[in-house]
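Comments concern the structure below.
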Amino acid sequence: MTGVTPRGRGAKWKEGRLALAESLTPTQALDRFEYKWRDRLGTVNLVGEYEVSPSVATTMLRAVGLVARRPTGLAKLRNYPACVAVSMATFASAHYRGGELWPAIFRHIGFEGSSETRAAMGTAFLTALEKLELPTIEDGTTYLGPISFHAVIPDYCLRDVLMLLQQRQELNPALDGQSFITWAEGQPTRLAHVDKPAARFLLRGGEFAVDLVDRLLDLLDALRSGVTDVENLVALSGAPKRLVKKAVELTADGALELLRPARIGSRTARSTSLEGPHLLLDVDRASVVLRLPQLAGLNDDPVRWNVLLDGVVTPTHPGNTSTGTGGTAFEEAVVARPVRAISAVFGGSQGFELDLVRSEAPLLAFDRSGHLLSGSAPLPGEDVWLLYPAIKGRPTSGGHILQPRVSLMGPIGWGGWALDQVPLDSVRNVEFDGHVRAIHHRGRPGVEAGEPLPGLLTRSGVHVVAERPAVTLPRLGSETSWHVEVRDAATGQFIASDDWTCAPRCPDEELVAYADPFDGRSQPIVGEFDILVRGPLGTRTSRRVAVAEGLTQRTSVHCRSFTPTGLTPVTVDWGSTTGLSVEPAKKEFRPDELRMPLTVRAGQASLSLVCEPNHLEICRVVDGEATEWSAAVLTVPSDRRGDLGILEVRMATGQALPPLTLIGESGLRQVLPPTGGAGSRQRFDLARIADTVRREKVARLQWTVGDEDTVLVSFRPDRLCSGAVVEDDVLRLTDFAGVPDAVAGVYQLMAPWRRPEVISIDEQGEARLPEELVVAGPLLVLVRLEDPWAPAPWPAWPHTGAAVEREGWPEPTSDAEASAIHYLAGLTRVPSDPAAYPYLWAAWERSYEISRHVAPRALAEDIRNRFSLDYKGAIESLRETGLSSSTALVMAMGVGLLSARPELTPSSLPVGWRRFAALAATADVQTIALPWDEITAVCGGLVEEVAAGSDGWGPDLGRFLYAPILNAKTPKELEDMWREARVVPAGLLDGDTRAAAAMSLFRVRGKASLKGLCRSGPALLEAGEKLLLDAGMTQSVGWLRARGNKDRSWDWEILPQVSAALAAMARLAARGDYRATRVTDQFASQWQALAREVPELVEIDIVIAEMLARAATDPYTRPARDLEENE
């Protein structure tokens, strides 16, 4: 290897216990230590990594202070950057507490410091960082931030940090540094119990904070396993020795209780293929995905995850890397639209939380492996992927546009966003939309693994390379030690663990050195490995690699296309230049074969893989939900209402993809050009052919590549049968179309909350019912064609389906479910147990189909009456359902929940605000006790202004501004304006969100269901203003007036004011005003009609109305921030 040598663990440099003689002058004292300390600082990134005795540091700090008092002191201290930096950072790590650093400094060094001395010492510290080429942070403080940053975590903060890490591990057993920092950045109070210096480091420290958290997690794991020796703990974790000593002390004294994580308790297990939930930019599939582990490791029994994107339940699907020996080690949820918040829950616990797109800083960054680089923390000085809304310009640095190595359109569903791979090795920052992210250039190690073999992956989704990987080690200012370890990804066992010494950088040599992580192993490397490289803080690098050293692969077809029977046949041959054994050595893929397993062996080592040769893939995005990438013709119903969505196409060819052609049953042809993309990936807007498809009923969308026509999408009416019956426990479809790949989703009318049982239908239209359905009573059957390679999620409840009348009812799984089932079966009254309410919400939502066939005719009325007696239980039970916020909003109006003020349990409010903001807003809770972090996360910062009674939140936003101009625009122009307003997701009360909601209302202004509100609007406004003025709610009146146009040309211009008035009346009624209650009751059905058309606007107005009511009665006062000492 070049410029790097292995070394043993025994070579360690120790700081001697040196004391200064009283006869030394301050300058002589500084001279004694400067050279040695400066040399050692060349091997670290943060001063606090270099261990110096606090007593020595304090003595040196006195020398620094004495020099700083002189008139020429600052100039003199410029000659002693190491002494200044080490003494101040080390002192802060030992003595900084309670927001007081300067008083502690001068108390310990024995004289009273003036403001001039303080400024001189602080300026000298900043100058020292610059001279030593050490990083700093900007956090609004002049000196405290940089000093405490280099102190890392002060001693007195460590216990709180370690306890918080353990608490997060209980919720996320696979917690790592990146996921913890991402979580911590989401809301200010998540670090409320961690003192200021530690919180500052965690929130502002970027890759240094991520690295430290990983090392502290390793330290906790080692402590739990019984290791107490400080040197061993440092070697195992890589944590700074000072912190290790303090952790051992806290544990021995009983001050630190070692908690056991829920499932994974050892460092070995934490390092295995059980990666934690993480967001991934999958460039190959042009997708942003949330990858979720199966938390029993590689257990084939899947763990069910519940994923919410901005509070909306989103389906997940298994990873597509089954090797034939079981399922995959993960499942995924495609994030097919820009979202502000992501959460994933398993087993009743919160497993993952992430605040993603921030409207004030909408630039996302991902590393070369596709992992999210969280928040506004500094970026590494290397290639990164930048994802940003193109309408806001392009990322720049120093006023110059960053030139990308690769420029792509945004991932699927991210319309209006662009994706660039940008080198950051020669720029100081990245600027976008008024926000700046710094870049750290201290050098990071890397793992170079070569180009992957196309189509070969492991079970955990890792691409396979045929070359032995190499570790690159940056040359720093001094000789630097690096720790490199390799673990088996499946077992966590050590394969190799070595320490390497890297020579300092020299002008005539490369800036990096290379090391072989498998040094000394002559046989071919085969397996899946986790490679960890650890040096100074902020340089920790880990990468999972799958290696089959010397494996070769040849395919007869570069990229398979669609054929009438599947995919183009292809033959794949495997060989080896290193004597590997491959089973099988050759595979001829039939048209109906997409992927197959194979095993590579070298001696006792083996690697199970799945081969999926390159092929044409398509997916469809509708309303922010994406199908999986499919390797078969998509079948799309031509007779359904609604948007046909966006079609994404990928094909690994050497030429640009052609436009598509729609060919109708009548012979009509319509060309569909792409609306985005380039080269092998294109995007097509199916809305452009929607009218033609609905007229033709049967059509196909195809293209011509070379001499071949390839059908990508088949449109046909969504009716494969006319009905269904069950005879002798066999489901038979009547008038079945006789097509292959038909499946039936069988829903239970007596348990409409259950997911459907999916059964395959043979070509005679028959299928035997599973035992649980035989006794389940009446059924509802939805039949569709299924892509066998990428099954689409089934709807929670079908819009259409064939009812099958049968006796009986499903077997309950709990007492609460039993009470709901027995009620639907007509055996009992509507249950009053709140535990049954989630089932009642589902039954009510689907009451039309249920009442038609089996349940009591008064089903909806029964449930409404039940909920009207228990507002609290009704609202709190919603979080256990899969109802959307818009559906819940309309249903809640029918109960009167929006005119109520129930005493909701405080613990239910955070989730309530995330999913059902309008209903959570009804809580009868003191304003100061509301979960403001959650509320601002959902609504944006303006919600605090509204609740505080401020006028600066824009009450007029939401009215029909420039109505004549808007009225003259075509539907297509309005659609484009609406989409543009929604490119960057914003808080519920942010200006863009309210503008988009008003645009939604404008698009449906002529609907017959809203005519009544247009006619009665003036009278409603007059009555509403009077009642609000009588109640002293003058700001609510001002809001209603600001929402309207002074001179109305059309009656529909009053609709924004009507929406505000209805919301204000409901919240006034909730406070006991009987006249407002009568108004709300009078307009209940019309308000429901408005909510069905524009649920987001109605939800916004309810939240505003509630906050304005609070401003008049219990205004919000932002808690005073804990201020640190004046600098």
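Given the criterion in contact (Cβ under 8 Å) with a residue 12 or more places away in the chain and not in a loop (DSSP other than H, G, I, E, B), identify the matching residue among T578, T635. Matching residue, one of T578, T635: T635.
Screening G1038 on (1) farther than 24 Å from T936 by Cα; (2) of a type in the set (G, A, S); (3) surrounded by fewer than 20 Cβ atoms within 10 Å (Cβ to Cβ) shows it passes everything except condition (1). The residue pairs whose first member lies in region 235-250 and is without any contact (Cβ under 8 Å) to a residue 40 or more places away in the chain and surrounded by 19 or more Cβ atoms within 10 Å (Cβ to Cβ), whose second member is part of a helix (DSSP H, G or I) and of a type in the set (D, E, K, R), and whose beta carbons are closer than 7 Å, counting only pairs six or more residues apart or on different chains, are L236/D218; S237/R215; S237/D218; A239/R215.
Applying the set (1) at positive phi; (2) free of Cβ contacts under 8 Å to residues at least 60 places away in the same chain; (3) under 32 Å from the mean Cα position of the chain (by Cα) to V152 leaves exactly one unmet item: (2).
Number of residues in region 573-605 that are exposed (fewer than 14 other Cβ atoms within 10 Å of the Cβ) and β-branched (V, I, T): the value is 1. Search region 737-778 for residues being more than 29 Å from E845 (Cα to Cα) and in contact (Cβ under 8 Å) with a residue 40 or more places away in the chain, and hand back the single one that is farthest from the chain's Cα centre (by Cα). Among residues in region 737-778 that are more than 29 Å from E845 (Cα to Cα) and in contact (Cβ under 8 Å) with a residue 40 or more places away in the chain, the one farthest from the chain's Cα centre (by Cα) is G765. Screening the candidates T27, T72, T117 for the property of being within 20 Å of S148 (Cα to Cα) and of a type in the set (S, T, N, Q) yields one hit, T117. The condition of being assigned by TED's automatic domain parsing to the domain that holds E1053, at pLDDT 90 or above and within 31 Å of the chain's Cα centre (by Cα) holds for only one of L988, L909, L889, L930, that being L988.
The set of residues from region 175-204 being small (G, A, S) and modelled with pLDDT of 85 or more comprises G177, A184, A198, A199.
Filtering region 817-858 to residues that are surrounded by 17 or more Cβ atoms within 10 Å (Cβ to Cβ), more than 37 Å from the chain's Cα centre (by Cα), farther than 17 Å from E805 by Cβ and of a type in the set (A, V, I, L, M) leaves only V830. Test P507 against the criterion of being surrounded by fewer than 21 Cβ atoms within 10 Å (Cβ to Cβ) and closer than 30 Å to L616 by Cβ, and give yes or no. No: the conditions fail for P507. If the condition is being free of Cβ contacts under 8 Å to residues at least 12 places away in the same chain and not in a helix (DSSP H, G or I), then region 935-950 contributes only S950.
Exactly one residue out of R994, R959 is under 32 Å from the mean Cα position of the chain (by Cα) and either assigned to a helix (DSSP H, G or I) or over 27 Å from G413 (Cβ atoms) (or both): that is R994. Every listed requirement among (1) touching a residue at least 40 places away in the same chain (Cβ under 8 Å); (2) surrounded by 14 or more Cβ atoms within 10 Å (Cβ to Cβ) is met by A496 save one, (1).
Residues in region 333-352 that are in a strand (DSSP E or B) and at pLDDT 80 or above: A333, V334, A341, I342, S343, A344. The set of residues in region 365-377 being assigned to a loop (DSSP other than H, G, I, E, B) and buried (at least 22 other Cβ atoms within 10 Å of the Cβ) consists of S374, A377.
Restricted to helices (runs of 4 or more DSSP H) entirely inside region 33-135, those with at least 3 residues that are hydroxyl-bearing (S, T, Y) are 54-68, 81-95, 115-131. If the condition is being within 30 Å of H483 (Cβ to Cβ) and part of a strand (DSSP E or B), then region 400-452 contributes Q421, P423, R437, A438, I439, H440, G446, V447, E448, P452. What do you reckon, is L672 aliphatic (A, V, I, L, M) and surrounded by fewer than 20 Cβ atoms within 10 Å (Cβ to Cβ)? Yes; evaluated as a whole, the condition is true for this residue. When restricted to residues that are touching a Leu at 6+ places or on another chain (Cβ under 8 Å) and hydrophobic (A, V, I, L, M, F, W, C), region 807-841 contains 5. Kindly establish whether S877 is under 21 Å from A751 (Cβ atoms), in contact with a Leu (Cβ under 6 Å, 6 or more places away or on another chain) and small (G, A, S). Answer is no for this residue. A174 - would you say it is within 26 Å of D310 (Cα to Cα) and of a type in the set (G, A, S)? Taking the combined requirement at face value, the residue satisfies it.
The values are calculated or read from the model by the stated rules, or taken from the named source; none is laboratory data. Bear in mind the structure is a predicted one, so any value in this text is a computation, not a measurement. Note that each Cβ is placed from the backbone with ideal geometry, even for glycine, and that neighbours are counted across all protein chains shown.
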